[in-house]
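Reading through the structure tokens given below for one structure.
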Amino acid sequence: SSSMINLKKIELELSTYCNAKCPLCARTQFIDNVELEHISLKDIIRLFPTLESCEHKQFKFCGVLGDPLMNPEILEITKYIVKNNGYCNISTNSGIQTKQFWFELGRISAETKNVYVHFAVDGFEETNHIYRVNTDFNIINRNMQAYFEGGKGDMLGGWTYIVFDHNEHEVELAKKRATELNLDFVIRTGMRNSLSTCSTAKVSDKTEHTKAKKFKELQKKVETETVSKEIIDSVVCKYVHEDEIFISGHLKLFPCCFLWDSYFKNKENIRQKLAFDNP
């Protein structure tokens, strides 16, 4: 449709399967509600059948309930979009697939400059598995190396590192390794990581995230003050401001991943409030 053609970004939850069990993930918290699905290459061709429906668009493979690399057709889907001049942003916990797969993905990235991999690795050898439960750092390191070798160092990618209290001491090790692999290195932090993960991930109480105090003050402020117009005006909506939409693993269309996350959890009866399930 013409509205699909006008979009600039499409986030696709290519799979609701995952190899990991991150404690704060909706999937881990509501595992019994997860319906296991993959978006197929056939689905992609049906949704984006022409050059015009792919060209100059960013396709983000991420999702709320799964890792895109669990999709058995991920390489074919990536090749199809790239062939039609689309750009693929792939976010993964990086502990999946073979060396050969990563080598080939690196080659495609270097040759086309239309594939960027976000390696979501929150720690180094000693700590990554604490939050990224069930992942193996040695396999992740091997996969990153294969991506680098496949692209002869000329591939596009970044290492995104969520800083928790338990992994702050490994940031420099990760940064050094990212530099060796020619990956951008980005640190992320956030209120839920800094304040709640200690108990969730069963980490010792001896360490505290360096930003914890700042976040506690901010949380107090938000809870006690009326939300100002300044804060409301600063909010950026992916759908309204960035021409982006989200397609879940079950091929349901949402304005963004946040709304799909809320719909899935239904904690505040959001489905009823927004009349989601009414015909």
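Annotations for the structure displayed:
- Once segment 75-104 is narrowed to residues that are part of a helix (DSSP H, G or I) and more than 21 Å from Ile139 (Cα to Cα), the residue that is most open to solvent (accessible area, probe 1.4 Å) is Lys83.
- Yes/no for Ser262 being modelled with pLDDT under 65 and either of a type in the set (Gly, Ala, Ser) or assigned to a strand (DSSP E or B) (or both): no
- Some residue of segment 97-104 being charged (D, E, K, R) and within 21 Å of His38 (Cα to Cα): no
- Qualifying position, being more than 30 Å from Phe185 (Cβ to Cβ), assigned to a helix (DSSP H, G or I) and either touching a helix residue (DSSP H, G or I) at 6+ places or on another chain (Cβ under 8 Å) or modelled with pLDDT of 95 or more (or both), among Asp43, Asp32: Asp43
- Cross-chain or 6+ apart pairs with Cβ under 9 Å, segment 109-127 first and free of Cβ contacts under 8 Å to residues at least 40 places away in the same chain, then assigned to a strand (DSSP E or B) and surrounded by fewer than 24 Cβ atoms within 10 Å (Cβ to Cβ): Asn114/Tyr87; Asn114/Leu156
- Every residue from segment 144-194 that is assigned to a strand (DSSP E or B), over 20 Å from Arg107 (Cα atoms) and open to solvent by 60 Å² or more (accessible area, probe 1.4 Å): Val186, Ile187, Arg188
- Here segment 112-135 is the region considered, the condition is being part of a loop (DSSP other than H, G, I, E, B) and touching a His at 6+ places or on another chain (Cβ under 7 Å), and the residue that is modelled with the lowest pLDDT is Thr127.
- Search result, residues across segment 37-74 that are within 20 Å of Thr92 (Cα to Cα) and surrounded by fewer than 16 Cβ atoms within 10 Å (Cβ to Cβ): Pro72
The values are calculated or read from the model by the stated rules, or taken from the named source; none is laboratory data. Nothing here was measured: the structure is a model prediction, and the numbers come from that model. Cβ sites come from the backbone with ideal geometry, for glycine too, and all protein chains shown count toward neighbours. Quick note on the areas: whole protein, heavy atoms, side chains included, nothing else; ligands and nucleic acids left out. Shrake-Rupley method; radii C 1.70, N 1.55, O 1.52, S 1.80 Å.
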